[in-house]
Amino acid sequence: MDREKDHLTHPVKDVAASIKWCKIITLGNAHVGKTSIIKNFCDAGFSDSYQATVGVDYGFRIHSEDDTETYVNIWDFSGQNEYCDVRNELYEETKAVFLVYDVTTRATFEDLDSWLREFQKYCETKAKIAVVANKIDCNQKRVVKKEEGMKWAKNHHAKYFETSAATGQATLTWMSDVPYSVLIVYDEL
């Protein structure tokens, strides 16, 4: 394909520099719903079948807010211990982390401290932290109260959100808030 020199209307470097990227990672125990949350946000769907994430998976969505497009990359990190070395290599340039727990399984909430420690140990960039209480559609089986989650988030200077990946309840609201707030923080740095 023959092209004339300078055929582009804008220099590639200028266009690339104008794109706002937001790398978000999800951390939490296996089976808390990280993959389902990401699929719900990126693909507006949910699957009842469960397949454990092997190492890492990835979702992408263009998010528009106040005439600004943000390219949101959401990394789905496996919650299984055998993938710790894989996760630790991928924290670089993270803008936000979602610490996800299952409101019907107390151990997933209690493990938030270890997930936060791992993240802080291997991520050298300043990142926003959000705690995400998932599976709120299973209210009859709930064992972790909303107040407990809110208190943990407040004590760790994190935002707190509740959602149901299965029903999509509140997913778009909080997923939309985080990329926007991340960009505000990074524009101020």
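Quick note: the coordinates plus some simple rules give every number you see, no bench work behind them. Everything numeric here is computed off the predicted structure, so don't read it as measured data. Here the Cβ is made from the backbone with ideal geometry for all residues, glycine too, and neighbour counts use every protein chain on show.
Laid out as a table, the results:
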| read-out | value |
| --- | --- |
| Contour minus Cα-Cα distance for GLU93 and THR125 (0.36 nm per residue) | 10.9 nm |
| Calculated from backbone phi, Karplus (6.51, -1.76, 1.60) coupling profile of region 111-119 in Hz, x at Gly/Pro | 7, 4, 4, 5, 5, 5, 4, 4, 4 |
| Gain upon complete extension [ARG117, LYS146; 0.36 nm per residue less C-alpha separation] | 8.2 nm |
| Which listed pairs, of LYS20/LYS146; LYS95/LYS141; LYS126/LYS151; LYS34/LYS95; LYS23/LYS141; LYS95/LYS135, have C-alpha distances above 28 Å, in listed order | LYS20/LYS146; LYS95/LYS141; LYS23/LYS141 |
| Ranking of ILE24, ILE62, ILE136 by count of other Cβ atoms within 10 Å, fewest first | ILE62, ILE136, ILE24 |
